[in-house]
Amino acid sequence: MIPRNFIYFSPSSEKEALELLNEYKSDARILAGGMSLIPLMKMRLVSPSYLIDINKVESLSYIKEEKNRLRIGALTRYYEIEKSSTLKKLLPIMNEAATWVGDPQVRNMGTIGGSLSHADPSGDFGSVILALNGQIITSSLNGQRTIKADDFFVDSFTTALNANEMLKEIVIDLPEGMNGGAYVKLERKAGDFAIVAVAAQLSIDSKGNCNYAGIGLTSVGPTNLKAKKAESFLLGKQLNERTIDETAEIAASEARPIDDPLRGSAEYKRAMVKVLTKRALNLALKRARGV
Amino acid sequence: MAVTAIFGARVKRKEDPRLITGKGTYVADITPLGCLYVAFLRSPHAHARIKSINASKALSMKGVIAVYVGQDIKGKLNPVPTGWPIATDPPIKIPKYYPLPLDKVRFQGEPVAAVVAENYYIARDALDAIEVEYEPLPTVVNQEEAVKESAPLLYDDIPNNTSFVWELKGGDVDSAFKEADLIIEKRMVNHRLQPTPMESRAVVAQYNSATNELTMWITTQAPHIHRLLISGILNMPENKIRVIAPDVGGGFGSKIPTYGVDALVAFIAKELKRPVKFVEDRRENYLATAHGRDHIQYVQLAAKKDGRILGLKVTSYANLGAYLSTAAPGVPTYLFGLMLSGAYKIKAVNCKVYGVLTNTAPVDAYRGAGRPEATYLVERMVDILAQRLKMDPAELRKINFIKHDEFPYVVCTGIQYDSGNYERTLEKALQLVEYKKMRGEQAKARAEGKLIGIGISSYVEICGLGPSRAVRGTGFSLGLYESATVRVHPSGKVTVYTGTSPHGQGEETAFAQIVAEEFGISIDDVEVVHGDTAMIPWGMGTYGSRTVPVGGGAIAIAAKKIIEKAKKIAANMLEVKEEDLAFEKGRFYVKGAPSRGVSFQEVALASYQGEQLPAGMEPGLEATTFYDPENFTFPFGTHVCVVEIDKDTGQINILKYVAVDDCGRQINPMIVEGQVHGGIAQGLAQAIWEEAVYDNSGNLITATLQDYAMPTAMEIPSFITDSTVTPSPHNPLGVKGVGETGTIASTPALVNAVVDALSHMGIDHIDIPLKPERIWKLLKNR
Amino acid sequence: MFKMEKNTPIKPVETQQKQLYHIKVNINGVDYEHDVEARLLLVHYIRDVVGLTGTHIGCDTSNCGACTVIFNGKSVKSCTMFAVQANGAKILTIEGLSKNGELHPIQRAFWENHALQCGYCTPGFIMQAYWLLKENPNPKEEEIRKGISGNLCRCTGYQNIVKAIMQAAKELRSK
């Protein structure tokens, strides 16, 4: 498997990268970790004329805590996310989800910005960012834009990015009070695309009522899905077996799976959304309670 | 130097130092100077008429040397022959299998054009520039569909797409069924698999136009057979072709067949008078290298209420793919049907196999080849019978086993099992898994609503292929003896030349152990050469767990011949009678006067010096043997698997896996264990994860390792392995072979465990692979 | 179907036909400099340009890990990188692991525990184990299994590979 040829650039700054992107627009692709892009190029399903390799732009790689927010640079590799003590302290769902991405070698290269820009509905981090109500900061020569994660994923492999724009960072408002999250994945084998996976993030007040619920779904729609009805159903409610069960049922009804001859029928996937949502919520609740 | 009992020792492998340092040589590592590269344009259609091919754009690209299509080889290359044209009535219909199709493509990925270029990148680019006009034709991928009158035909002269109908009538099946208290009927699917050696296929061909000599490096399990068949395809004298199998990265059956493209690469090297190289990528390997299994079986089992099995009727539809690959006809017939009595005394077995052509990749041997298909069927039926009779499956097996004192035993299919003690491996496996305790835990878990299952599989398989008279009787084109040359050099160092072609099984070590033991020398003084037709007299290759029983047998006999000669020389050197000499630890000495002796090395030197030889004896110390075994060998054993099923998702968790195998005497128990581990993993892979999937149009949708679910270290558990030793009585070493036992045993062990976990819900069978969804669906409806 | 014709006129080399990139890479302590096409895969660079054929190709889709090398300290799949990305990089391949003819403890452990059969996947597994043990010198069995889940082996059933890595970890810790 050999890709078509291309012109290669290795800019050393974000500005330089944006200038190139502005010049070549949709004829160009940004190369970050390359873990999705390069296989597609080798199969000649994608053949950019220009490749803008941002791996030398180290200023795009960071995990920063800032007041009540967390900023993650687009070039941050899954390896960094998996190991990050900042995330372990503030948003351990990120560390957990990172361990489910591909395999160790893929995580050593693969970047969060690359995956989100690739917008594969079976990508793991789209669901996590949706569950966390994250925001995507994009940049271009025209300046920056802030896009809600929910608006960022437009369709399969399609994002709200303009042709001259690249994903710069992910911003997440840090949860308050008692909170916990979980990423639960059902897969055929280690490192495979999910049959179904669910990201859940919860906060509870002192009375045990839910004051934040975030649920993201993997591999059950044209994009990673935010289970909004399920989230709002849970908000303000006591978390118990019954409410969790109902929430999971609603999440399943929000899923839009299609039959996959290898990874499961739509019927099975929908049923698994319920099972996994329950599991993720129970785990998140346990973690929120610190037990 | 004290050498004791090297046969049977856990010796570290001699082949490893090069392989762990990156110094191995695989075919893809070989690039002769001036080498050209071939890339194949492959059909996107599973069935289509080729209306035209226009390669002019490709030919105008810089670095592209030539393009070949079917019409270019017409009359120049013969079709790829089938090596196992089984005898049937009416006779088997063998379609013409040209290296490049002349008019029609019959499976997705069949090559339609070969581009030759200065490097692989250019060759790949040129593929995109070739224009092919196809007329798509109706497609059939399923064998039960293909035999219907309404099905599209792959070949006008092969009605019902049926290449052959093979029948085996062992015993009086009608009377067996009349006697029965109950008859169980089942339809079973043994699905298609992609063998997936980690190294795909590759070939390099180099031609010397002055000497008319062709050298080919091929990823093959059988270099001499490849040489013979390629000589036929090329119309080239066999003795002008040298085939070398260097380090080969696994085969599992898929590197037994001779592939048309290999002959084509040689043809191109001859035409262009430059070395030519072709290395498959994984997608090509999946599309066009032979697949395995793919049976649909209809089974009837007749039994008495007390558990005695009386008879078995089997009708199997074997999907052979679009062409008959080298061993394809024999695998789903003889290697399947003959083993349908399993480890049991069954009065009668009738088996009918339809060999069906479809628009899919050719199917050939895959680890176990026929025996897994038989064992899975038998071991599943035994468990279903136990369930019906509410008997313990271990007890039911004991009732029906051929007993240890009944060997050799001729089963109703007509073959003679050489030796066995089936009760003992079963008992040992049950002990290791703590069977009674496990049953107790299962009952407890069930009461708590958990699903735990215990699955037993007791197998016997046919190995050591094989006695030439018997295999020729099945239609196999050659005998299945094996050759060996053992050459003792003047220094006493030894080179062993074997006609087998190991590619991971460790015979460079195991064979050295045999010889070191015989000669009483260090294993470091023995080198084993394999996989080169220029160095080895003749060989049938490595497959069917034949390497040690047949190839090793040949070496043992050759070594004994050398000892006989050496003893004569030693007697002459010591001026004593031969019968007064003893040979021990590498030294010939006079019985009763042990200080009077000569070492093996001294004898070796003397044999080349000549003057100390007995009168009339030829100098030198080497022997060549062709060993034709008198019977097959029959390894056996019992595997037990314990699983827990996740009720919500249908996922299977393997809690425990015990394997007790008996492969006769073991040359190197470490290697035996390794073979068992890998075998089990492959059988489990079929049971749960792996499946080659074609859609109805004949598109292979598992054409990469992203989609073909080969398990990782996260899915495969650790195994508890043990063994018993029941030597083969007729084999020179008492060995039986162990390359396929794990694969044969583990698929039914796992499936029996899963069905056992669900049996209280009235479930008695689930078709493999046991994807979580299949189990979930069953649970949901209960 | 040859395009070669008799008396083909001689033409100047078309230097603009494809753009080449000058890269400097250190592999196993040796500096290499080459002009390469942008699309040249790193694994092909290592194997076919530099000539280190111990790194293998098993799947082409970054699933099997046979092509694993250490790239600036991290294990990567060299079939899913371009050689141009390696400009200025330090790479370690299987050929660079043993020092002064002494096998690395991981190599020795693979040998002693029969952790390989056909050997094709082995360089990838050894390089991944090398990285894994740098990251986690005292791994549990489960961590080893997860750590090598990006590598496929068809021969061993993984059991002896896990055992070998366990042994190597112990030995490396005691050093």
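Read the figures in this text as sums done on the coordinates, not as results from a lab. Bear in mind that the values here come from a model prediction, so they are computed numbers and not experimental data. Cβ: placed from backbone, ideal geometry, glycine included. Neighbour counts: every protein chain shown.
Here is the result for the stretch A:76-112: no GluC sites (Glu not before Pro) lie in DSSP coil with at most 10 other C-beta atoms within 10 angstrom of their C-beta. Ordered by the number of other Cβ atoms lying within 10 Å of each residue's own Cβ, fewest first, B:LEU396, A:LEU202 fall into the sequence B:LEU396, A:LEU202.
Applying the criteria of a DSSP loop state and at most 11 other Cβ atoms within 10 Å to the chymotrypsin sites (Phe, Trp or Tyr not before Pro) of the stretch B:364-409 yields no site.
What separates the Cα centres of the stretch B:662-741 and the stretch B:64-142 is a distance of 32 Å. Spin-label pair B:GLU238-B:ASP89: with each label point 7 Å from Cα along the Cα-Cβ axis, the two points sit 3.1 nm from one another.
Just for chain B, what percent of DSSP beta bridges are antiparallel, to the closest 5?
Around 80 percent antiparallel, to the nearest 5.
The charge dipole of chain A, taken about its Cα centre with unit charges on the Cβ of Lys, Arg, Asp and Glu (plus for the first two, minus for the last two), comes to roughly 580 debye. The alpha-carbon of C:LYS99 sits under 25 angstrom from the alpha-carbons of these lysines, leaving out residues fewer than 8 places away in its chain: B:LYS12, B:LYS14, B:LYS23, C:LYS24, C:LYS74, C:LYS77, C:LYS90, C:LYS134, C:LYS163, C:LYS170, C:LYS175. Within straight-line reach of A:LYS237, meaning a Cα separation under 15 Å, sit the following aspartates and glutamates at least 8 residues removed in sequence or on another chain: A:ASP205, A:ASP245, A:GLU246. When shorter helices are ignored and each DSSP H run of at least 4 residues is given -39500 (n - 2.57), the per-residue value for chain A at 222 nm works out to -10000 deg cm²/dmol. Neighbour counts of C-beta atoms inside 10 Å place B:CYS351, C:CYS79 in the sequence B:CYS351, C:CYS79, starting with the fewest. Hey, which aspartates and glutamates would be in cross-link range of A:LYS269, C-alpha to C-alpha under 16 Å, not counting anything within fewer than 8 residues on its own chain? Qualifying aspartates and glutamates at Cα under 16 Å: A:ASP124, A:GLU187, A:ASP192, A:GLU249, A:GLU254, A:ASP259, A:ASP260, B:ASP646, B:ASP648, B:GLU773. Counted as membrane-span-like here are DSSP H helices of chain A whose alpha-carbon atoms extend 24 Å or more along the helix's own axis and whose Kyte-Doolittle mean is -0.5 or above; these are A:266-288. If the segment from B:SER491 to B:ASP628 were pulled out straight at 0.36 nm per residue, it would be longer than the present Cα-Cα gap by 46.2 nm. By the compact-protein rule of thumb, 2.2 N^0.38 Å, the alpha-carbon radius of gyration of the stretch C:105-173 corresponds to a ratio of 0.94.
Per-residue packing, averaged as other Cβ atoms within 10 Å, sorts the ranges C:101-112, A:116-127 into the order A:116-127, C:101-112, beginning with the highest. Per residue of peptide C:142-151, the mean number of Cβ atoms on other chains within 10 Å of the residue Cβ is 6. Note that the stretch A:116-132 has calculated 3J(HN,Hα) couplings of 5, 5, 5, 6, 6, x, 9, x, 7, 7, x, 5, 5, 5, 5, 5, 8 Hz, one per residue in order, obtained from phi through the Karplus relation 6.51 cos²θ - 1.76 cosθ + 1.60 (θ = phi - 60°); glycine and proline are x.
Taking a sphere under 12 Å around the Cβ of B:LYS104 and counting the other residues whose Cβ falls inside, with K and R at +1 and D and E at -1, yields a net charge of 0. Restricting attention to the stretch A:60-173, the count of lysine pairs at 8 or more positions apart or across chains with alpha carbons under 15 Å apart stands at 6.
Toward the positive end of the charge dipole of the stretch B:31-370, about the Cα centre and with charges on Cβ (Lys, Arg +1; Asp, Glu -1), which of B:ALA348, B:THR333, B:ALA66 goes farthest? The Cα lying farthest towards the positive end belongs to B:ALA348.
Among the residues of A:42-51, the average count of other protein chain beta-carbon atoms within 10 Å of the residue beta-carbon is 3.
Residues whose amide H comes within less than 5 Å of that of A:MET35, counting only those at least five positions distant or on another chain, are A:THR111 (H built at 1.01 Å from N in the peptide plane). The slack between B:ILE158 and B:LEU102, meaning 0.36 nm per residue of separation minus the straight C-alpha distance, is 18.4 nm. The phi torsions of the stretch C:53-64, fed into the Karplus equation with coefficients 6.51, -1.76 and 1.60 and a -60° offset, translate into couplings of 8, x, 7, 10, 10, x, 9, 6, 10, 6, 9, 9 Hz, rounded to whole numbers, with Gly and Pro shown as x. Note on chain B: the alpha carbon radius of gyration divided by the globular reference 2.2 N^0.38 Å gives 0.99. Taking the fewest neighbouring Cβ atoms within 10 Å as the starting point, the ordered list for B:ASP72, B:ASP103, B:ASP262 is B:ASP103, B:ASP72, B:ASP262.
Three principal axis extents describe the C-alpha atoms of the stretch B:31-370; from largest down they are 76, 41, 33 Å. Within the shell of other residues whose beta carbon sits under 10 angstrom from the beta carbon of B:THR498, the net charge comes to -3, with Lys and Arg scored +1 and Asp and Glu -1. Largest GNM mean-square fluctuation across C:GLN85, C:GLN19, C:GLN128, computed for chain C with C-alpha springs under 10 Å, falls on C:GLN19.
Along the axis of the charge dipole computed for the stretch B:156-279 (Cβ charges of +1 for Lys and Arg, -1 for Asp and Glu, origin at the Cα centre), the listed residues B:PHE164, B:LEU229, B:ILE218 are led at the positive end by B:ILE218. For the stretch A:148-220, the list of GluC sites (Glu not before Pro) that fall in a loop by DSSP and count at most 12 other C-beta atoms within 10 angstrom reads A:GLU176. Hydrodynamic radius of the stretch B:676-730 by the Kirkwood approach over all distinct alpha-carbon pairs: 13.9 Å.
Extension gain for the segment B:ARG665 to B:ARG439, taken as residue separation times 0.36 nm less the Cα-Cα distance, is 78.1 nm to one decimal. Evaluated on the protein assembly as shown, the Kirkwood hydrodynamic radius is 32.3 Å, with distances taken between all distinct Cα atoms. Under a 5 Å amide H cut-off, with hydrogens placed 1.01 Å from N, A:ILE30 pairs with A:ILE52 among residues at least 5 apart or on other chains. Shielding of peptide B:674-684 by partners, expressed as the average count of other chain Cβ atoms within 10 Å per residue Cβ, is 5.
Note on B:GLU167/B:ALA615: beta-carbon distance plugged into 1/(1 + (r/R0)^6) with R0 of 56 Å gives a FRET efficiency of 0.40.
Put the Cα centre of the stretch A:173-198 next to the Cα centre of the stretch A:85-147 and the gap is 12 Å.
Annotation: amide H-H contacts under 5 Å for B:SER163 (H modelled 1.01 Å from N, sequence separation of 5 or more, or interchain): B:GLY355, B:VAL356, B:LEU357. Using θ = phi - 60° in the Karplus curve 6.51 cos²θ - 1.76 cosθ + 1.60, the 3J(HN,Hα) couplings for the stretch B:285-299 round to 4, 6, 6, 10, 7, 3, 8, x, 6, 6, 10, 10, 10, 10, 10 Hz; x is entered for Gly and Pro.
Restricting the calculation to alpha carbons of chain A gives Rg and Dmax of 18.8, 61 angstrom. Placing +1 on the Cβ of every Lys and Arg and -1 on the Cβ of every Asp and Glu, with no other charges, gives the stretch B:31-370 a dipole of roughly 480 debye about its Cα centre. Summary of packing: across the peptides A:68-74, B:627-633, the per-residue average of other C-beta atoms within 10 Å ranks them, highest first, as B:627-633, A:68-74.
How large, in Å, is the stretch B:270-416 by the Kirkwood hydrodynamic radius built from its alpha-carbon pairs?
After inverting the pairwise mean of 1/r, the radius is 17.3 Å.
Note on B:GLN431 and B:SER468: with the Förster distance fixed at 35 Å, the Cβ-Cβ geometry gives a FRET efficiency of about 0.30. Which FRET efficiency value, to the nearest 0.05, do you get for B:VAL725 and C:GLU143 by plugging their Cβ-Cβ distance into 1/(1 + (r/R0)^6) with R0 = 35 Å? After rounding, the FRET efficiency stands at 0.40.
Among the helices of chain B, those built from whole DSSP H runs whose Cα atoms reach 30 Å or more along their own axis and whose mean Kyte-Doolittle hydropathy is at least -0.5 are B:553-574. Centre-to-centre, using Cα atoms only, the stretch B:336-364 and the stretch B:540-588 are separated by 41 Å. Distance between the pseudo-spin-label points of B:THR25 and A:GLU246 (7 Å out from Cα toward the beta carbon): 7.4 nm.
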